[in-house]
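Enquirer: Sharing a structure here in structure tokens format.
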Amino acid sequence: MQRTQVAIIGGGPSGLLLGQLLARQGIDTIVLEQRSRAYVEARIRAGLLEPGTVELLHTAGVGARLAREGLVHEGFELAFDGRVERIDLKGLTGEAVTVYGQTEVQRDLGEARDTVGRPVIYEAEEVRLSGLDTGHPRVRYRRGGVEEEIECDFIAGCDGYHGVSRQSIPADRIRTYERIYPFGWLGVLADVPPVSHELVYANHARGFALCSMRSAHRSRYYVQCPLDDRVEEWSDARFWDELRARLPEAYAARLVTGPSIEKSIAPLRSFVAEPMRFGSLFLVGDAAHIVPPTGAKGLNLAAADVRVLCDGLVDHYRAGSDLLLDEYSTRALRRVWKATRFSWWFTTVMHKFSDEIFAARLQLAELELLGESRAAAQAVAENYVGLRFRRAEHESR
Ligand code: FAD
Ligand code: DHB
């Protein structure tokens, strides 16, 4: 039998970030991850960090490479109807976002964990949670054919949408809300210079496209595609032709193409589970909620949950107070629903849902308004950089 204060299920960004923040407060954790380290570190996912997430990574002591290599973006562009409107994040909010891939965050957190003295237990199979409502939670798992057991005070369910944590909560103690979108995103990573120095989100009659990047030499591009498309149906040439067709002429003309180094299709979904707690188990990040990627909120929401839970656990162990832990779900969900709303809105405005002209006209009206009304643009910018009240609330304590 092993013993720890907080058992963390999942060694993705949520799990490792929570482990790192708690380690810096002298709180012991064991992290269980079902995959190998190589697999977890190779997954290509999010690319954009809100300023609040950047701050939190610095607090966790993993900000050095991020500060050196992250690309600070003070705005982004919206392309529609043959023109481009820039959302001036800095001018509208005083803040900027940082382009730094989730793969890099994962690597930095993995290296930091190596120095904690409690290495992540990778390839942990058949993880099972018990005693969640008894005050004496247990985690069982198998590794290398050997059955292991952990005794702990709390369990952090950081094991993503398909994980075991949420599924361990009795059905009558949790409610879920879901919306599935009728399309996916085909993403390509390529070692070519980005088409623009800022991100370009394009609304086009052929469907949505996004030009993002990982560095000055590595681009990340996406096009909306039918849900049942398979990656094999998309040759590099077909992808580049489709992307070019959805971009404004000036951008299409200067698009540099090259062989893809990764290509994948992701479905789009909104999902929220509430409450985010059952007894000693706290759900964190994708285990509790999924947003469509359009607003780049997934990873940032996960980090925001981690911050709230970490505050609660520190108060529990340091001050003997459970006030913040008891408020975890309510506090986290306030942000989750606002990010769910923004991601849904941005997805709705940018994608082609049908051939209906009325819907297309409404999208153009929404996008035009952003160029004409500072208030409308500011609301988008505030959501994009991450709503500030959460940080203000955090800082005032
Ligand atoms: P995860 O990253 O899912 O980590 C959960 C971890 O738990 C995984 O390592 C998993 O292997 C492990 N695990 C699962 N089950 C178990 C178990 N039973 N026992 C032990 N371990 C377990 N967000 C954006 O903002 N922009 C994007 O472009 C973007 N693209 C994405 C593309 C894809 C294909 C996916 C799946 C997500 C994408 N996201 C994107 C969302 C973003 O990556 C997530 O919000 C973020 O990874 C959440 O981190 P997490 O640690 O909560 O969950
Ligand atoms: C990326 C993904 C997003 O969903 C987004 O809104 C911005 C950037 C990316 O992968 O780079």
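The values are calculated or read from the model by the stated rules, or taken from the named source; none is laboratory data. It should be emphasised that the depicted structure is a prediction, and the values quoted were computed from it without experimental measurement. Ideal geometry is used to build each Cβ from the backbone, glycine not excepted, and the neighbour counts take in all protein chains shown. Note: areas computed on protein heavy atoms with side chains; ligands, DNA, RNA excluded. Shrake-Rupley method; radii C 1.70, N 1.55, O 1.52, S 1.80 Å.
Enquirer: Test of understanding: among 121, 169, 155, which residue is under 22 Å from the mean Cα position of the chain (by Cα), farther than 30 Å from residue 72 by Cα and aliphatic (A, V, I, L, M)?
Expert: 155
Enquirer: Just one of 286, 236, 228 is open to solvent by 10 Å² or more (accessible area, probe 1.4 Å) and without any contact (Cβ under 8 Å) to a residue 12 or more places away in the chain; which is it?
Expert: From the options 286, 236, 228, the qualifying one is 228.
Enquirer: Going by the structure shown, is residue 285 more than 18 Å from the chain's Cα centre (by Cα) and more than 13 Å from ligand 2 (Cβ to nearest atom)?
Expert: Against the criterion (more than 18 Å from the chain's Cα centre (by Cα) and more than 13 Å from ligand 2 (Cβ to nearest atom)), residue 285 does not qualify.
Enquirer: Residues to consider are 355, 315; find the one that is part of a helix (DSSP H, G or I), open to solvent by 20 Å² or more (accessible area, probe 1.4 Å) and either out of contact with any helix residue (DSSP H, G or I) (no Cβ under 6 Å at 6 or more places or on another chain) or more than 12 Å from ligand 1 (Cβ to nearest atom) (or both).
Expert: Sole residue among the options that is part of a helix (DSSP H, G or I), open to solvent by 20 Å² or more (accessible area, probe 1.4 Å) and either out of contact with any helix residue (DSSP H, G or I) (no Cβ under 6 Å at 6 or more places or on another chain) or more than 12 Å from ligand 1 (Cβ to nearest atom) (or both): 315.
Enquirer: Which numbered condition trips up residue 54, out of (1) within 22 Å of residue 309 (Cα to Cα); (2) out of contact with any strand residue (DSSP E or B) (no Cβ under 6 Å at 6 or more places or on another chain); (3) within 16 Å of ligand 2 (Cβ to nearest atom)?
Expert: Tallying (1) within 22 Å of residue 309 (Cα to Cα); (2) out of contact with any strand residue (DSSP E or B) (no Cβ under 6 Å at 6 or more places or on another chain); (3) within 16 Å of ligand 2 (Cβ to nearest atom), residue 54 fails exactly one: (2).
Enquirer: Out of segment 173-228, which residues are farther than 30 Å from residue 274 by Cα, of a type in the set (Val, Ile, Thr) and more than 16 Å from ligand 1 (Cβ to nearest atom)?
Expert: Result: 192, 195.
Enquirer: For segment 262-275, which positions are touching a Leu at 6+ places or on another chain (Cβ under 7 Å), within 12 Å of ligand 1 (Cβ to nearest atom) and of a type outside the set (D, E, K, R)?
Expert: 265, 267
Enquirer: In addition: For segment 17-51, which positions are more than 12 Å from ligand 1 (Cβ to nearest atom) and either surrounded by 22 or more Cβ atoms within 10 Å (Cβ to Cβ) or more than 21 Å from the chain's Cα centre (by Cα) (or both)?
Expert: Those that are more than 12 Å from ligand 1 (Cβ to nearest atom) and either surrounded by 22 or more Cβ atoms within 10 Å (Cβ to Cβ) or more than 21 Å from the chain's Cα centre (by Cα) (or both): 20, 21, 22, 23, 24, 25, 26, 27, 28, 29.
Enquirer: A further question on this structure: Might you let me know whether segment 374-393 holds any residue that is within 16 Å of ligand 1 (Cβ to nearest atom), under 21 Å from the mean Cα position of the chain (by Cα), at pLDDT 95 or above and open to solvent by 10 Å² or more (accessible area, probe 1.4 Å)?
Expert: Among the residues of segment 374-393, at least one is within 16 Å of ligand 1 (Cβ to nearest atom), under 21 Å from the mean Cα position of the chain (by Cα), at pLDDT 95 or above and open to solvent by 10 Å² or more (accessible area, probe 1.4 Å), which makes the answer yes.
Enquirer: Here is a follow-up. Looking for something touching a residue at least 40 places away in the same chain (Cβ under 8 Å), open to solvent by 30 Å² or more (accessible area, probe 1.4 Å) and assigned to a helix (DSSP H, G or I) - is there at least one such residue anywhere in segment 294-312?
Expert: Scanning segment 294-312, I find no residue that is touching a residue at least 40 places away in the same chain (Cβ under 8 Å), open to solvent by 30 Å² or more (accessible area, probe 1.4 Å) and assigned to a helix (DSSP H, G or I), so the answer is no.
Enquirer: Only one of (1) open to solvent by 10 Å² or more (accessible area, probe 1.4 Å); (2) within 16 Å of ligand 2 (Cβ to nearest atom); (3) among the small types (Gly, Ala, Ser) fails for residue 79. Which number is that?
Expert: (1)
Enquirer: From the list 7, 23, which one is in contact (Cβ under 8 Å) with a residue 12 or more places away in the chain and in a strand (DSSP E or B)?
Expert: Result of the check over 7, 23: 7.
Enquirer: Would you confirm whether any residue within segment 106-117 is within 16 Å of ligand 2 (Cβ to nearest atom), open to solvent by less than 10 Å² (accessible area, probe 1.4 Å) and closer than 21 Å to residue 6 by Cα?
Expert: Within segment 106-117 (the criterion being within 16 Å of ligand 2 (Cβ to nearest atom), open to solvent by less than 10 Å² (accessible area, probe 1.4 Å) and closer than 21 Å to residue 6 by Cα), the answer is yes, since at least one residue qualifies.
Enquirer: Which residues, taken from segment 121-172, are touching a Pro at 6+ places or on another chain (Cβ under 8 Å) and either within 10 Å of ligand 1 (Cβ to nearest atom) or within 29 Å of residue 300 (Cα to Cα) (or both)?
Expert: 129, 152, 153, 154, 155
Enquirer: Looking at 292, 267, which one is within 16 Å of ligand 2 (Cβ to nearest atom) and touching a Phe, Trp or Tyr at 6+ places or on another chain (Cβ under 7 Å)?
Expert: After applying the criteria, what remains is 292.
Enquirer: Can you pull out every residue in segment 147-190 that is surrounded by 14 or more Cβ atoms within 10 Å (Cβ to Cβ) and part of a loop (DSSP other than H, G, I, E, B)?
Expert: Result: 152, 153, 158, 159, 160, 161, 163, 168, 169, 174.
Enquirer: Which one of these does residue 264 not meet: (1) among the hydroxyl-bearing types (Ser, Thr, Tyr); (2) assigned to a loop (DSSP other than H, G, I, E, B); (3) touching a Gly at 6+ places or on another chain (Cβ under 7 Å)?
Expert: For residue 264, the exception is condition (2).
Enquirer: Run residue 62 past the list (1) away from ligand 1 (no atom under 14 Å from the Cβ); (2) out of contact with any Gly (no Cβ under 9 Å at 6 or more places or on another chain); (3) more than 30 Å from residue 150 (Cα to Cα); (4) not acidic (Asp, Glu) and report the number of the one that doesn't hold.
Expert: Only one criterion is unmet by residue 62, namely (3).
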